[in-house]
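Here's the structure, in structure tokens; my notes come after.
The values are calculated or read from the model by the stated rules, or taken from the named source; none is laboratory data. What you see is a predicted model; the values in this text were computed from it and never measured. In this analysis, Cβ positions are derived from the backbone assuming ideal geometry, glycine residues included, and neighbour counts consider all displayed protein chains. Keep in mind that these areas ignore ligands, DNA and RNA; they rest on the heavy atoms of the full protein, side chains included. Shrake-Rupley method; radii C 1.70, N 1.55, O 1.52, S 1.80 Å.
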Amino acid sequence: MPNRTLLIAGNWKMNNDVAEAAKLADELAQALPEVPAGVEVLVCPPTIDITTVHDRIQAAPIALGAQNVYWEAKGAFTGESSCDMLKSAGCTYCIIGHSERRDYFHETDEDQNKKAKALVAAGLVPVFCCGESLEVREAGTYVEHVVNQVKAGLAGLEITCPKQVVVAYEPIWAIGTGRTASPEQAEEVCESIRAAVRKLYSSKNARAISILYGGSMNDKNAFELLAQPDIDGGLIGGASLVPEKFVKIIEAANQPNE
Ligand code: PEP
């Protein structure tokens, strides 16, 4: 297997007011004066906390991302933030297509496609989330479901380098439930995502695009999940709010490549 960089990304969701976010960012910056070679660390705080977190982590090897973006450049879109606004606040990544946004805010595949294109055009990296519900998993159509989300979300998205987009496979039944996909279950879908990405882009790009697993990843199960050949990192919710756990996941990512 070629050497690869594993991306360990924290999705703080709607947790932490400004003071709490500053405290967590300080704790992470202190715990991570450096990260192991071959590991990249990313935190995605709520929008209101982004500038504070940016100030606190700027000397640390921790990248900053947002949890949402709107594809228009500016104007009468109350409550939204544009790509340039996120960039000006220090973000280099942005999560899109999270199942919570799809389910609670009725976001569609087309919305994700517009967001992905706007982000890449602005030089930001979309962390494009996809994943099936328990119902779809039990019906046995989960691979097709996830691959269709990837095809729709990334349709027409032009990239010149594989680092311009990240895909995160997050089975909905595993998010925040404590029920993690087994390494084999996660690998099966991530491998299919890579095959789908290969059809959209070149083989070289498909091999090098990071595909993350998310869904109750923690300090206990991270090592085995991250050891799978098509899992290039983790998108972590709950455990990313606890510095000791998040740091242990980063340590688990520091495994020798076979
Ligand atoms: C997430 O929401 O992206 C996530 C994976 O959450 P958790 O780790 O809490 O399951």
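May I ask you to give the percent of accessible area on the stretch 193-258 that is carbon plus sulfur, with a probe radius of 1.4 Å?
Numbers: 1440 of 2730 Å².
Here carbon and sulfur together make up 53 percent of the probe-accessible area.
Using the alpha-carbon centroid of each, what span in Å lies between the stretch 104-180 and the stretch 62-90?
Result: 19 Å between the Cα centres.
State which helices in the chain qualify, where a helix is a whole DSSP H run, it must extend 24 Å or more along its own axis by its Cα atoms, and its mean Kyte-Doolittle hydropathy must be at least -0.5. Spell out each step's value before the answer.
Numbers: long enough: 183-200 (25 Å, -0.46).
Qualifying helices, which must be both long enough and hydrophobic enough, are 183-200.
When ligands, DNA and RNA are left out and all protein chains stay put, how many square angstrom of accessible area per residue does the chain have with a 1.4 Å probe? If you can, show how the numbers build up before the last one.
On the way: 11610 Å² over 258 residues.
In whole numbers, the chain has 45 Å² accessible per residue.
Take each of the peptides 177-185, 23-31, average the number of other beta-carbon atoms within 10 Å over its residues, and list them starting from the highest. Please report the intermediate quantities before stating the final value.
Working: 177-185: 15.0, 23-31: 17.7.
Top of the packing list down: 23-31, 177-185.
Would you mind working out the magnitude of the charge dipole of the chain relative to its Cα centre, with +1 at each Lys and Arg C-beta and -1 at each Asp and Glu C-beta, to the nearest 20 Debye? Spell out each step's value before the answer.
Values: 23 positive and 34 negative charges, 127 e Å.
For the chain, the charge dipole is close to 620 debye.
Mind telling me which of ILE172, ILE159, ILE211 comes out most flexible in a GNM of the chain, alpha-carbon contacts under 10 Å?
ILE159
Between GLY10 and residues 5 or more places away or on another chain, which pairs have amide H atoms under 5 Å apart, with H built 1.01 Å from N, and which residues are they?
LEU42, VAL43, CYS44, ILE236
Taking springs between alpha-carbon atoms closer than 10 angstrom, which of GLU158, GLU187, GLU138 fluctuates most in the Gaussian network model of the chain?
Maximum fluctuation in the GNM of the chain, among the listed residues, is at GLU138.
Tell me which of PRO46, VAL120, ILE96 sits at the most positive position along the dipole axis of the chain, charges placed on C-beta atoms (Lys, Arg +1; Asp, Glu -1).
VAL120
I'd like the Karplus ³J(HN,Hα) series for the stretch 62-76: coefficients 6.51, -1.76, 1.60, θ = phi - 60°, whole numbers in Hz, and an x wherever there's a Gly or Pro.
10, 7, 10, x, 9, 9, 6, 7, 10, 7, 6, 6, 5, x, 7
Measure off, as a whole percent, the carbon and sulfur share of the 1.4 Å-probe accessible area of the stretch 1-81, all protein chains present.
On the way: 2110 of 4120 Å².
Looking at the stretch 1-81 in its full context, I get 51 percent from C and S.
If I ignore ligands, DNA and RNA and count only protein heavy atoms, how much of TRP71 is accessible to a 1.4 Å probe, in Å² to the nearest 10?
60 Å²
Placing +1 on the Cβ of each Lys and Arg and -1 on the Cβ of each Asp and Glu in the stretch 146-224, which of THR180, ASN148, ASN205 has its Cα farthest towards the positive end of the resulting dipole?
ASN205
Let me check against my output: what whole-number percent is the relative contact order of the chain, with C-alpha pairs under 8 Å and at least 6 apart?
Working: 512 pairs, mean separation 54.4, N = 258.
It comes to 21 percent, rounded to a whole number.
Taking the Cα-to-Cβ direction at ASP17 and at PHE105 and moving 7 Å from each Cα, how far apart do the two end points lie in nm?
2.2 nm
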